[in-house]
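The values are calculated or read from the model by the stated rules, or taken from the named source; none is laboratory data. No experiment lies behind these values; they were computed from the predicted model shown. As a convention, Cβ positions derive from the backbone with ideal geometry for all residues, glycine included, and neighbour counts pool all protein chains shown. With ligands, DNA and RNA removed, areas are computed over all heavy atoms of the protein, side chains included. Shrake-Rupley method; radii C 1.70, N 1.55, O 1.52, S 1.80 Å.
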Amino acid sequence: ITFTRTNANYLQIASLPSSFHPGSFSVFSVARFANAASCSGCSYERVFDFGNGQASDNILMARTGASSQIDFSIYLGGTGGDRISSSTFSTNTFIFDVQASTTTPPFYFNGTADNSATNPNQIAAQVTRTSNYLGRSNWSADAYFQGGISELLFFRTNLNNTQRILVENYQAAQW
């Protein structure tokens, strides 16, 4: 799916049940940002944002400000955590995955561990999430996503290293 910021393109998805909570889950995404370097008008653009509005039990993946780093955030109610990658992305399609069983989950970019990610996250509440977007934020000031999302996979368990590599290899072969 290609998203165009100027046309405010996004997808809204149905409510997510309370059983969708990252006490133990893995997220894999294949995405491409249109602008890799710092850019104007792209601050905090979202790949996805699942929650109940602004700062309300959100689970999100976004650009960190206008930089070329990824922010994977989990909010417990209105208390946020911003787990920020130390690696930067390019305009090329990249595979990003995170295992969200702890407040400091590991990040992987194209199969390489990002062991220097900063800041802790929250452990998400087990609540129904009703404001769920691909390409849009629950914060009105944030930019719409400009780029492409080829695939998002959510697993209701943390994958072990062998399983993670199998999924990454599958995604690399597809995209």
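Data table
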| item | result |
| --- | --- |
| Residue satisfying condition, being in contact with a Phe, Trp or Tyr (Cβ under 9 Å, 6 or more places away or on another chain) and on the phi > 0 side of the Ramachandran plot, within set 55, 31, 62 | 55 |
| Cβ-Cβ under 7 Å pairs, at least 6 apart or on other chains, segment 55-80 side touching a residue at least 60 places away in the same chain (Cβ under 8 Å) and acidic (Asp, Glu), far side open to solvent by less than 30 Å² (accessible area, probe 1.4 Å) and not in a loop (DSSP other than H, G, I, E, B) | 57/51; 57/129 |
| Strands (runs of 3 or more DSSP E) lying entirely in segment 1-89 (those with 2 or more residues that are open to solvent by 40 Å² or more (accessible area, probe 1.4 Å)) | 11-13 |
| Some residue of segment 136-143 being in contact with a Cys (Cβ under 9 Å, 6 or more places away or on another chain) and either modelled with pLDDT of 75 or more or part of a loop (DSSP other than H, G, I, E, B) (or both) | yes |
| Selection count where residues are more than 15 Å from the chain's Cα centre (by Cα) and assigned to a strand (DSSP E or B), scope segment 144-165 | 0 |
